[in-house]
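See below for the structure under consideration.
The values are calculated or read from the model by the stated rules, or taken from the named source; none is laboratory data. Keep in mind that what you see is a predicted model, and the values were worked out from it rather than measured. Here Cβ is always computed from backbone atoms with ideal geometry, including for glycine, and neighbour counts include all displayed protein chains. Areas reflect the complete protein model, heavy atoms only, side chains present, ligands, DNA and RNA absent. Shrake-Rupley method; radii C 1.70, N 1.55, O 1.52, S 1.80 Å.
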Amino acid sequence: MAAALAAAVALPVSADAAITQAHLALTGDTSSTMTVTFKEDAAVADMTALAYARPIGGVDGAAACAVAPAPADCLQIPLRRTDAQGRAGTGPFYTFFTGTFTGLAAGATYDWFVADSVSPAGQTPGTFTTAKGGNKPYTAATYGEVHTDDGDDVVAFGASGPGDYSVQGVVGLSYADRVVWNQDTRPSFVVSSGDNMNDGTMEERWTDLLSGAPASPAGAGRTADTTFIGTFTGSVPFMTALGDHEYKNTAVRGTPSPLYDAHFPNPGNGPSGQETRSYSYDYNGVHWTVLEASPGVHPADYPEYWRHELEWLDADLAAAAQRTRFQVVVMHQPPFHSKTSRVYPEYADPEFRDDVMPIFDRYGVEVVVSGHDAHNVRSFPLVGVPTEDWQEGQPRISPELVAPGKGTTYLEQSTTGKNYDGLLDREPWVAWSQSQETMPAVLLFTFGTRSISAKFVRTDALDPVTRLPLYGGELVDGFTIPQVPLPGSDEPATGPEGPAGPAGPKGDAGAAGAKGDSGATGAAGATGTGMAGAKGDTGAAGAAGAKGDTGARGPAGRDAKATCTVKRGKGAPRVTCKVSGASKSTRATLARSGARLVRGAHTYASGTTTRLRPRRVITRGRYTLRVKAGRSTLTFPVRVS
């Protein structure tokens, strides 16, 4: 093989010959293996390719391994070829080469080098480091909603406003990569929750994701760096889930673009027949499950496929809970939507909550990371409970807030600035959400022995003096996630103490103390005129009764829902609104509370919840009902019929 590469130097080489998209993946034992992949832009029939690795520090690095005589510490592997189309049966083929280094030392750093018979000069993409193994601490990053070709709302990166597609998400991606690269402790890998581009059948979008792209937008005061992302993906393994946009425009409904498998040679340990679409791996005592949970394959449309995946998920987490200290799940569609139109009037794909949340609760999953809704949101620790007053079109499982270390934290993120209208930031399960309309951010996790330190880091923040990007990013939310023991385990949660819960009702008064003993009888007076004996002292008071038991914890809150109707007849029309999904006493309170029906900046009706007087002409459509309840204002998205 090496001789063939050397002989190829004398052959005419296409001007288009180029090794691109060289990147890393975790597909086996993370302490002793590393998988490498690249694309050849001028592939020909019968071409061959090799990859080399060498412990860091050797003269000329791994490139020296391609020249005879090779240093003794070189590793060499042949690479297998894959030809794939963006849309099966349509368009050009693209050629990729993949292989896995084995027998690597744990916690060691290697240079690597690739070459093929069309591009014999080869390329040094970067360096990689294997996992140390055991329960050693480390840092990892997650991305969501990258959309390299989708400029929705990336105002912070130079767009004139929402809908301006002149600035693509790939610019935001380069900022995210910079932030990850410049952390004090560089993350060991990145996992994306999917939707890496708008159309997964377009190879140029994968090129944007995995190879050179501008590191700075126009006008940022520095020269665009088209090599940086290549170095990043050549040094930090990049894993991904499938989002619905990886299914867009594919030849067969319910199947992702063939380019997904070509670019990402995943571990292949997923459900039978779908091995690369869901998968898992361990890294330093932490189990990562990447789950295919996307509208690209609606559970309602593919029930057997979904059932098969759930069986695999249950078995995967059951085994992992016995050998690893934390379990993290990455899935594209979140179990808890933060986008209004995916909650009201009907909940989008409730199976992604109803079917997976009991499994997460069963095995003490600490963290679930998603995208899809294009917001940055963190939940309180949650467990699932049956929905009371369940109605068709709503999830059968509702969230119950629990103490840290007793339930799963659900996170949603948008990495490159994509943002949807209608952020539901006042839902009872939301602990934190982005404070501005557009907030591109990465998630960083540092795994300790008994807890996870995590943070949302904003990627578009500017230095207040130079107005240049802060390439380390800006912390916007930091939090700690304690280890969650398996339900029924005697092991207590060991994370930081959570905030005190509300005081229970006052205990009953203690029982009255027992009557004191009578004083001793005075001595008899002397006969005749002697004085009467003194009265005995009063007996001591009985001890106070024991303190009453603390009142029981109140029932978990539930998602409330409001509906409004316009009643027209004689006289002025009247708007009546009704709140469901709350307790009887709460509904009674809200019924007589002051309320306003608004749309945009205008108030269309005001009064009480059950009797609103119109101020403007009210037509059918979406509004917001704002109810003043004590010191709080409750907000309900409603559709007026």
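Using alpha carbons only, what's the Rg to Rh ratio of the stretch 58-108 with Rh from Kirkwood?
Checking Rg against Rh, the ratio lands at 1.18.
Taking the Cα centre of the stretch 322-450 as the origin and placing charges on Cβ (Lys, Arg +1; Asp, Glu -1), which of 356, 405, 332 is farthest toward the positive end of the dipole?
It is 405, whose Cα lies furthest towards the positive end.
Cα atoms only, the stretch 323-441: Rg and Dmax in Å?
Here Rg and the maximum Cα pair distance are 13.8, 43 Å.
Measure off 7 Å from each Cα along the Cα-to-Cβ vector at residue 435 and residue 388, then give the distance between these two points in nanometres to one decimal.
Result for the modelled spin labels: 3.5 nm.
I'd like the per residue volume of the convex hull spanned by the Cα atoms of the stretch 360-498, given in cubic angstrom.
That works out to 132 Å³ per residue.
Taking the solvent-accessible surface of protein heavy atoms with a 1.4 Å probe, what is the per residue accessible area of the stretch 290-387 in Å²?
On a per-residue basis, the stretch 290-387 sits at 28 Å².
Run the quick spin-label model on residue 348 and residue 274: label points 7 Å from Cα toward the beta carbon, then report their separation in nm to one decimal.
It is 1.9 nm.
Looking at the stretch 387-457 from every direction and averaging, what is the projected area of its Cα convex hull in nm²?
The Cα convex hull of the stretch 387-457, projected and averaged over all directions, gives 6.6 nm².
If 54, 639 are ordered by their accessible area, calculated over protein heavy atoms with a 1.4 Å probe, which sequence runs from highest to lowest?
Listed by decreasing accessible area, they come as 639, 54.
Residue 185 to residue 77: extension gain in nm, 0.36 nm per residue of separation minus the Cα-Cα distance?
Using 0.36 nm per residue and subtracting the Cα-Cα distance, I get 35.9 nm.
Averaged per residue, what accessible area in Å² does the stretch 46-98 show with a 1.4 Å probe, protein chains only?
Value returned for the stretch 46-98: 52 Å² of accessible area per residue.
Cβ under 9 Å from residue 338's Cβ, residue 338 left aside: what net charge do those residues give with Lys, Arg +1 and Asp, Glu -1?
For residues surrounding residue 338, the net value is -2.
Using the Karplus curve 6.51 cos²θ - 1.76 cosθ + 1.60 with θ = phi - 60°, work out ³J(HN,Hα) for each residue of the stretch 381-397 in order, rounded to whole Hz, and write x for Gly and Pro.
x, 10, 10, x, 10, x, 6, 7, 6, 4, 10, 4, x, 10, x, 7, 10
Using a probe of 1.4 angstrom, how much of the accessible area of the stretch 355-492 is carbon and sulfur, in percent?
Of all accessible area on the stretch 355-492, carbon and sulfur atoms account for 49 percent.
How would you order 257-264, 241-248 from highest to lowest mean count of nearby Cβ atoms within 10 Å?
Packing proxy ranking, top to bottom: 241-248, 257-264.
For residue 456, what is the net charge nearby, where nearby means another residue's Cβ is under 11 Å from its Cβ and Lys, Arg count +1, Asp, Glu -1?
So the environment of residue 456 carries a net charge of 0.
So which of 339/567; 339/584; 39/418; 136/406; 406/578; 248/339 end up more than 26 Å apart by C-alpha?
339/567; 339/584; 39/418; 406/578
What is the Rg over Rh value, at two decimals, for the stretch 577-635, using alpha-carbon atoms and the Kirkwood definition of Rh?
0.97
Taking the Cα-to-Cβ direction at residue 589 and at residue 90 and moving 7 Å from each Cα, how far apart do the two end points lie in nm?
Between residue 589 and residue 90, the simple spin-label model gives 5.6 nm.
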